[in-house]
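Participant: Can you keep this structure in mind? I'll have questions shortly.
Laboratory data are not the source of any read-out in this text; all were calculated from the coordinates shown. From a predicted model like this one, the values you see are computed outputs, not experimental measurements. Neighbour counts run over all protein chains shown; Cβ positions are idealised from the backbone, glycine included.
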């Protein structure tokens, strides 16, 4: 059976691929932006620099989150992954504000010089790489139900949009509309701030034990209903803790069964859930006699 530790390993590998790619793109875009006189591409390069920081935070979050429970943290360290997501969101918002400010200053600067073709080529190259990285990271993030990887994936997607905006701005500036380059930088900053705000809200929900995806709840219900001895489900609550899921459950069983038999049914329920959903960490099951609800 696939273990949670394997999921963390897979997530770390994905994050490392993103970090190496972002380091390369950051260098290319900043070099081409300064050399090619493009405010939009410099803004895009600074965004790539924020990717490096955010992916590093993802890796740190995974490293802490995969630690086993201890005396001070009996429920494990899974919240570290969600805290990493929230930190990435704050960094994105701050970078977005800085990029917007710099682009606004450039827009009102006298004698705007148009960028060169090297900036145009770098922007086009970035679009291709970032779109590929987005698809890969999102696939792994969804597979692991990792909020920080999904956040990082949409950061990559946002970068692709940023590079498209930079491409349009640079092209417009080259053909005779120099104001389009800093305007593209302002547009990029708005995209970054918007994504950061969405990520912050999602991380907030997880930290406040928000409801997990309905399809996961439905799957848990289906698994429990198929366990012999379970008459019905009175209450089912589940929340995420990083890549892991904690479940609180009340089931109804035949009122005539012994305590030992009720305990056996609980074990069967737990085994069935863990078999189908390997990311489950903690399950608390309370048993009621079915007559209670009559």
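Participant: (i) 45; (ii) 53; (iii) 40: which one is percent of Cα pairs over 26 Å apart as calculated from this entry?
Facilitator: For percent of Cα pairs over 26 Å apart, the calculated option is (ii).
Participant: Right, next: Sequence gap at least 6, Cα distance under 8 Å: using those rules, report the relative contact order of the range 4-207 to the nearest whole percent. Let's see the in-between values first.
Facilitator: On the way: 351 pairs, mean separation 60.6, N = 204.
Relative contact order for the range 4-207 comes out at 30 percent.
Participant: Then there's this: So what is the orientation-averaged projected area of the range 120-189, using the convex hull of its C-alpha atoms, in nm²?
Facilitator: Values: hull surface 17.6 nm².
That works out to 4.4 nm², a quarter of the Cα hull's surface.
Participant: Using Cβ contacts closer than 10 Å as the measure, can you line up 135, 240 from fewest to most? The partial results should precede the final answer.
Facilitator: Values: 135 12, 240 26.
Starting with the residue having the fewest Cβ neighbours, the order is 135, 240.
Participant: Per DSSP H run of n ≥ 4, the term is -39500 (n - 2.57); total these for the chain, divide by its residue number, and report the mean residue ellipticity at 222 nm rounded to 500 deg cm²/dmol. Intermediate results must be reported in sequence, preceding the final value.
Facilitator: Values: 8 runs with 202 residues, N = 294.
Computed mean residue ellipticity for the chain: -24500 deg cm²/dmol.
Participant: What share of the DSSP beta bridges in the range 214-293 is antiparallel, in percent to the nearest 5?
Facilitator: On the way: 10 of 19 bridges.
Here the share of antiparallel DSSP bridges comes out near 55 percent.
Participant: For the chain, take the longest principal axis of its alpha carbons; what is the angle in degrees between that and the long axis of helix 180-207, to the nearest 10 within 0 to 90?
Facilitator: Tilt of helix 180-207: around 10 degrees.
Participant: Using only Cα atoms, tell me the angle between helix 4-35 and the longest principal axis of the chain; keep it within 0 to 90° and round to the nearest 10.
Facilitator: It is inclined by approximately 10 degrees.
Participant: Mind checking the angle between helix 147-174 and the chain's longest principal axis? C-alpha axes, 0 to 90 degrees, to the nearest 10.
Facilitator: 20
Participant: In what order do 131, 271, 244 fall by count of nearby beta-carbon atoms within 10 Å, going from fewest to most? Write out the running numbers ahead of the final one.
Facilitator: Values: 131 17, 271 12, 244 24.
Arranged by neighbour count, lowest to highest, 131, 271, 244 become 271, 131, 244.
Participant: Would you mind ranking 136, 8 by Cβ crowding within 10 Å, fewest neighbours first? Write down the numbers at each step before the final one.
Facilitator: Numbers: 136 16, 8 23.
Ascending number of Cβ neighbours within 10 Å: 136, 8.
Participant: Another question about this same structure. Arrange the peptides 160-172, 10-22, 82-94 so that the one whose residues have, on average, the most other Cβ atoms within 10 Å appears first. Please list the in-between numbers first.
Facilitator: Values: 160-172: 24.5, 10-22: 20.2, 82-94: 22.2.
For the peptides 160-172, 10-22, 82-94, the packing ranking is 160-172, 82-94, 10-22.
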